[in-house]
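Here's the structure we're looking at; comments come further down.
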Amino acid sequence: MFLLHPAIFIWDIFVLLFISFSAASLIGSILLIRRRKLRLIGRISAKLIMLISFVATSILVYGSFIEPKIIVVTEEDIPLSLSQNITIAVISDIHIGPYSSKEYIERIVDKINHELPDFVFLVGDFVHTEDVSLEMLEPIQDLHASAGVFAVLGNHDQGRHARFFGKGYTGSDRSEQITSYLEGLGVRVLRNEHEVVSLGTEDLVISGIDDIWTGHSSVEDALDESPEKTTILLSHNPSVIDNKKSEAVDLIISGHTHGGQVRIPGLPLLRKIPISIDQSFDQGVFQLDGNRILAITRGIGETWTRFRLASWPEIMILRNK
């Protein structure tokens with residue numbers, strides 16, 4: 001969907017105008033270069049404008065329409081204290097809406113199933129706009145995981161939004177609708193609670209909390225009372241690591257950051273990620289104090305503008321070996 005939804009109209013106009021301006025500059029510089037009477041300094045300037053325009057147009061087209069559809073599968077080994085090997089597939093920030101489609105979700109489901117996961121964790125932000133139809137999430141029912149599919153909600157799902165500039169704002173809370181719909185698809189949605197999953201002779205605790213921006217998340221309520229059990233905590237926002245109670249878990253899995261969404265390799269992030277912890281926690285697997293591990297996926301959808309650069313949509317695969 002392009003230019004057809006009010007929530008993205010301004011962003012899409014900006015993308016269209018920028019591409020049009022860059023393309024016009026490119027064509028204009030080519031025409032100037034072909035003029036025989038053009039002086040050397042003018043020819044050099046025209047070639048420089050042509051190069052800049054070509055690069056700008058290419059980046060805008062690639063970042064707006066190509067990279068957001070390139071789904072990358074990344075694999076990480078995690079040292080959980082389990083005798084049984086497990087494979088975990090993680091996705092986050094689906095953001096169904098004007099930038100996404102049911103066909104795109106189907107592609108993601110197919111790629112996850114190809115990995116033969118024991119668990120699939122969906123760590124929040126299922127919706128982008130408040131009026132989007134949840135039927136776009138229907139392909140999730142085809143996920144195959146031998147030990148179960150679990151989810152937590154994100155800030156968009158619960159009506160807490162960040163602006164590109166300035167303070168955040170509160171919108172419609174669709175948490176009950178999303179929870180009901182996902183559970184109808186066979187997904188166990190954890191809202192400050194946990195499930196104990198039997199893995200042969202061992203138990204694995206899967207805990208999950210509501211998004212911390214709501215003020216209603218509770219790590220304490222989500223945890224099992226048996227500290228000797230290996231515990232995974234699902235939290236959309238990785239800032240949960242600041243919560244002392246999270247020190248009781250072995251693995252924290254989050255999304256929310258989009259990996260920065262727009263990156264220039266070798267340079268700092270262009271925009272600050274809306275997290276309360278250090279900006280270095282943008283994507284990947286981190287060893288925290290004690291034995292805690294934090295895994296942050298950069299997600300598979302976009303927010304604000306339809307643009308990703310050097311931050312490809314990701315399915316994260318975690319393997320305990």
Inset, instruction - Only residues that are closer than 30 Å to Phe164 by Cβ and not in a helix (DSSP H, G or I): list them for segment 11-48, please. - result: none
Inset, instruction - Just one of (1) buried (at least 22 other Cβ atoms within 10 Å of the Cβ); (2) more than 16 Å from the chain's Cα centre (by Cα); (3) without any contact (Cβ under 8 Å) to a residue 60 or more places away in the chain trips up Leu204, so point out which. - result: (3)
Inset, instruction - Could you look through segment 249-262, keep only residues that are over 27 Å from Glu202 (Cα atoms) and of a type in the set (Gly, Ala, Ser), and pick out the one that is surrounded by the most Cβ atoms within 10 Å (Cβ to Cβ)? - result: Gly255
Inset, instruction - Output the number of the condition that Gly284 fails; it satisfies all remaining conditions of (1) at pLDDT below 95; (2) within 30 Å of Asp224 (Cα to Cα). - result: (1)
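Let's see how each residue does on (1) surrounded by 17 or more Cβ atoms within 10 Å (Cβ to Cβ); (2) in a loop (DSSP other than H, G, I, E, B); (3) of a type outside the set (Ser, Thr, Tyr); (4) at pLDDT 90 or above:
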{"position": "Ser226", "(1), (2), (3), (4)": "no, yes, no, no"}
{"position": "Ile232", "(1), (2), (3), (4)": "yes, no, yes, yes"}
{"position": "Ile241", "(1), (2), (3), (4)": "yes, no, yes, yes"}
{"position": "Glu247", "(1), (2), (3), (4)": "no, no, yes, yes"}
{"position": "Pro268", "(1), (2), (3), (4)": "no, yes, yes, no"}
{"position": "Ile273", "(1), (2), (3), (4)": "yes, yes, yes, yes"}
{"position": "Gln279", "(1), (2), (3), (4)": "no, yes, yes, yes"}
{"position": "Thr305", "(1), (2), (3), (4)": "yes, yes, no, no"}
Inset, instruction - Please specify each residue of segment 130-144 satisfying the condition of being surrounded by 17 or more Cβ atoms within 10 Å (Cβ to Cβ) and within 22 Å of His256 (Cβ to Cβ). - result: Val132, Leu134, Met136, Leu137, Ile140, Leu143
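The rows are residues; the columns are (1) at pLDDT 90 or above; (2) of a type outside the set (A, V, I, L, M, F, W, C).
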{"site": "Leu26", "(1), (2)": "no, no"}
{"site": "Ile33", "(1), (2)": "no, no"}
{"site": "Ile41", "(1), (2)": "no, no"}
{"site": "Tyr62", "(1), (2)": "yes, yes"}
{"site": "Glu76", "(1), (2)": "yes, yes"}
{"site": "Pro79", "(1), (2)": "yes, yes"}
{"site": "Leu134", "(1), (2)": "yes, no"}
Inset, instruction - Those residues that are part of a strand (DSSP E or B) and farther than 18 Å from Val127 by Cβ, I need them from segment 150-167; list them, please. - result: Phe150
Inset, instruction - Output the residue which, of all residues in segment 94-129 that are acidic (Asp, Glu) and farther than 23 Å from Ile66 by Cα, is surrounded by the most Cβ atoms within 10 Å (Cβ to Cβ). - result: Asp118
Inset, instruction - Determine, yes or no, whether Ile253 is at pLDDT 95 or above and part of a loop (DSSP other than H, G, I, E, B). - result: no
Legend entry - Qualifying residue in segment 79-86 (condition: in a helix (DSSP H, G or I), closer than 24 Å to Val149 by Cβ and either in contact (Cβ under 8 Å) with a residue 60 or more places away in the chain or not assigned by TED's automatic domain parsing to the domain that holds Arg263 (or both)): no
Inset, instruction - Being under 21 Å from Val189 (Cβ atoms), more than 14 Å from the chain's Cα centre (by Cα) and either among the polar types (S, T, N, Q) or not in a helix (DSSP H, G or I) (or both) is the filter here, so list the residues in segment 98-125 that pass it. - result: Asn113, Pro117, Asp118, Phe119, Val120
Inset, instruction - Go through (1) closer than 21 Å to Thr129 by Cβ; (2) among the aliphatic types (A, V, I, L, M); (3) surrounded by fewer than 16 Cβ atoms within 10 Å (Cβ to Cβ) and name the single condition Val196 misses. - result: (1)
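The values are calculated or read from the model by the stated rules, or taken from the named source; none is laboratory data. Fair warning: this is a prediction, and the values are worked out from it, not measured in the lab. Counting neighbours? That spans all protein chains shown, and the Cβs are built from the backbone with ideal geometry, glycine included.
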